[in-house]
1. Inspect segment 636-651 for any residue being surrounded by 12 or more Cβ atoms within 10 Å (Cβ to Cβ) and of a type in the set (A, V, I, L, M) and give the result as yes or no.
2. In segment 191-229, which residues are under 20 Å from M337 (Cα atoms) and not in a loop (DSSP other than H, G, I, E, B)?
3. Would you mind telling me which numbered condition in (1) in a helix (DSSP H, G or I); (2) among the charged types (D, E, K, R); (3) modelled with pLDDT under 95 K95 fails?
4. Give me the pairs: first residue in segment 309-322 and among the basic types (K, R) and at pLDDT 95 or above, second residue surrounded by fewer than 19 Cβ atoms within 10 Å (Cβ to Cβ) and assigned to a strand (DSSP E or B), beta-carbon distance under 6 Å, and six or more apart or on different chains, which are they?
5. Would segment 461-479 turn up any residue that is crowded, with 17+ Cβ neighbours inside 10 Å and basic (K, R)?
6. Restricting to segment 563-584, name every residue that is part of a loop (DSSP other than H, G, I, E, B) and over 20 Å from the mean Cα position of the chain (by Cα).
7. Please specify each residue of segment 434-482 satisfying the condition of being in contact with a Cys (Cβ under 8 Å, 6 or more places away or on another chain) and of a type in the set (V, I, T).
8. Considering every residue within segment 365-382, establish whether at least one is over 21 Å from A163 (Cα atoms), in contact (Cβ under 8 Å) with a residue 12 or more places away in the chain and surrounded by fewer than 20 Cβ atoms within 10 Å (Cβ to Cβ).
Amino acid sequence: MESNSDDSDYKPPSKKIKNVKIEIENVRKPKNESKSKRNMKHENEEQTDTKKFKMDNHVPSKSDACNSSDSYWQNYELLSEYQNIDLNVSQNIIKLFDDGCTIPFIARYRKDATDNMSPEILREIKQNYDKINILKSRAQTVLNCIEKSGKLDENIRKSVLCARTIEEVEHIYAPFKPGNKKTLAERARSLGLQEPAQQILESNFKVNLHRYIDTNNAELDTYEKIEKGVVHIIAHMLSTDIKVLTFFRKLKTQGNFGIEVKKLKKRSSKVNDTSANQVDESKYENYFDFKMPVQFIKPHQVLAINRGETQKILSVKIIVPDFVLRRFTGFCQEKFMYYNSDNARKKILDESINDSYTRLMQPLLVREIRAELKQSAEQASYNVFCSNLKQLLLTPPIKGRAIFGIDPGFSNGCKAALISPVGTYLTSMVFYLNENKKEKGARALKEILQEYNCTLIALGNGTACRETESWISDLISRNYFHPLDVSYVIVSENGASIYSCSSEAKKEFDTLDPNIISAVSLARRIQEPLAEFVKVEPKHLGVGMYQHDLPKKKLEEALDEVVSECVSFVGVDLNTASQCLLRRIAGLSDKRATKIIEHRNKNGPYLNRKELMKISGIGSKIFEQCAGFLRVGPITAEEEVKFYEDRNSNKLDCTIIHPESYELTSKLTKHLGLNLTNVGTTEFINAMKTKTIKVDIKEMSQKFNSSEHTLKLIFDALTKPLNYDLRNDCSKVPLFKKGMTNLSDLRSGDTLTGRVTNNTHFGSFIDIGVGCNGLIHISKMKGQTLETGNTVEVRVLNIEAGRKRIGLELIQVM
């Protein structure tokens with residue numbers, strides 16, 4: 001894994017050392033006097049070092065940093081480093097987060113402060129900001145613990161406050177942890193060897209170690225034991241030195257580190273590891289002899305390797321290039337004036353540097369690399385989850401059609417329910433797939449479909465799905481439902497059974513069987529996906545990869561953020577939205593959503609957004625966060641004229657324009673010669689489109705003292721109908737089917753149409769209607785990026801019927 005080129009820019013430290021005046025105390029001088037001089041000298045040198053360190057790292061000076069809990073870096077600086085973003089943008093984002101602003105609000109209404117960042121990037125930034133706060137909190141906890149032990153000095157304090165990772169903090173704290181076995185350095189200090197060790201490290205004058213020999217102490221009775229103790233102390237001092245840690249941190253970014261994975265050799269002991277016996281080792285065959293540079297390893301590979309290591313199937317090793325030791329050695333030698341030393345000091349420094357690297361620094365480096373790989377892989381996995389969930393939630397609704405939902409089953413029959421074009425439960429039935437009962441079920445199904453003029457069936461993909469699909473497909477092929485032109489769509493059942501047994505479901509359907517409620521939910525997932533999917537915890541929706549390997553709390557927080565973003569960006573009607581939808585709006589909560597509905601039930605429909613301010617618990621800050629995502633308008637078309645005759649109503653409440661920009665919107669429309677009362681009409685929209693083509697946004701923003709992003713949002717909103725649904729911009733629709741194909745009928749080379757059900761880093765899973773999903777490996781995607789819900793044309797490459805694996809190749813996105 002080494003590369004000679006890694007060391008090509010390395011230059012041996014110069015042997016020309018400036019003359020440095022160093023005062024070494026006479027051993028016969030009083031101890032207090034010598035320590036006082038040494039401390040003064042030490043403090044002066046540290047102040048100089050710290051000042052230079054801050055200048056090198058562009059950290060604002062803090063004269064009292066050593067005597068406070070403040071870090072030697074600012075939050076916005078470290079966040080800027082993590083995310084590679086401008087310092088000013090980093091400051092803006094932190095201020096917005098600290099002010100309680102939500103990601104949907106920032107992404108839509110504060111684009112000028114974030115340089116037009118997407119919600120996805122903002123979510124990642126928020127996670128890193130949380131990590132920074134955890135780091136600072138942990139650093140302060142560590143300082144408090146060390147201080148209580150009476151072992152905190154300025155060197156340790158500075159090292160902790162300069163640490164930029166949790167691993168660094170824990171590395172510095174390790175020797176001071178209560179209850180821990182004393183480290184080698186601690187044992188040496190307890191023997192009184194701190195003073196000579198510090199003298200040797202800080203000066204190039206000869207230090208007489210023979211004076212510390214104590215024949216009455218078995219641990220100090222030889223020169224070799226004293227020298228060894230001094231080496232341990234110096235090694236620890238090197239490993240916690242600010243400049244050394246900073247230099248070592250840079251080395252981590254410069255080398256070609258590798259990862260080597262092998263199958264773990266089983267011990268021949270008689271211990272019966274039942275957990276390991278239950279693991280299918282064949283899943284990890286790709287990693288039984290695996291080598292790769294760290295920078296090229298894929299996130300799913302890291303997660304798989306970590307899981308295999310946890311299950312004691314794999315052993316993992318990080319390969320550190322030799323140049324790291326060479327550069328570390330050179331840096332330490334130059335910093336501590338190695339070349340002007342006598343042979344005895346050189347020998348001790350050589351041993352100390354090697355000991356520090358082998359026992360302390362290299363393990364720290366390996367821990368940090370493993371931690372960064374894990375964090376990066378987990379972040380990528382979160383992104384996959386969030387992306388798939390977002391695409392699922394933003395599936396275009398199939399409105400205005402009655403839908404017949406079927407929750408398939410064998411022994412208990414298929415539970416089915418029909419909903420109206422507006423989602424109201426109408427009727428239900430149970431039919432069986434037994435040969436002697438199929439005909440009876442077919443007649444009942446036909447009667448219901450014809451009675452309610454329903455031509456769309458939503459079929460759950462659970463147990464008995466294939467048998468039910470085969471039966472329905474056969475009826476369609478025989479034109480059994482004539483004159484109706486019936487089709488069906490397969491719907492994911494993930495989370496439906498959990499929702500059907502929830503208190504929320506029972507509140508709406510207090511007398512219905514949970515299986516019937518599931519059938520209603522399946523139908524609604526086609527008619528209004530967003531409103532139905534938000535009733536289920538995101539983790540139960542079956543999207544993403546390696547969900548069991550991710551921290552549960554962090555995953556749930558990330559997915560909840562996506563749900564809030566989707567619900568907020570689509571927007572909900574304040575007069576019709578359920579509590580389940582309202583609580584997902586940015587800035588709102590369960591309690592606030594409940595109060596909004598209670599106020600609506602007690603006082604009638606809302607006339608405008610501002611009425612929210614009358615509700616207890618919704619102040620100006622909460623209103624700022626949620627107002628732009630709530631629509632207020634007439635419930636039916638018949639009420640429109642009467643609703644807008646009321647002087648308290650405002651058509652802008654049916655747009656994405658935030659109330660804070662209503663005055664600006666009024667000025668803009670007047671400037672363009674348009675009447676705001678006509679917002680949403682075809683004439684107004686056409687006029688806006690014509691006029692905005694000629695507008696110079698930059699000039700207009702200066703004229704009205706507003707940001708360009710805000711003006712663009714206003715113009716975009718005014719060129720859309722009222723209550724515009726952004727999901728209408730999406731071309732993805734459910735895959736409607738009239739027939740089916742069996743897995744046994746598939747042949748290599750077959751061309752099929754399917755729908756993307758899930759995306760991962762290694763490929764996309766496609767429902768091609770054969771009972772199990774096929775996989776388009778990333779190498780077979782022809783460079784295209786697929787999204788959940790895309791309809792695609794694919795070619796079958798290979799089939800493993802026994803393992804239900806189908807390899808596909810992408811032909812085109814339809």
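The values are calculated or read from the model by the stated rules, or taken from the named source; none is laboratory data. Remember, it's a predicted structure, so these values are computed and weren't measured experimentally. A quick note on method: Cβ atoms are made from the backbone with ideal geometry, for glycine too, and the neighbour counts reach across all protein chains shown.
1. No, the conditions are met nowhere in segment 636-651.
2. Q194, E195, P196, A197, Q198, Q199, I200, L201, E202, E227
3. (3)
4. So the pair list comes out as K317/E260.
5. Among the residues of segment 461-479, at least one is crowded, with 17+ Cβ neighbours inside 10 Å and basic (K, R), which makes the answer yes.
6. Hits for segment 563-584 are G571, L574, N575, T576, A577, S578, R583.
7. Correct list: I448, T468.
8. yes
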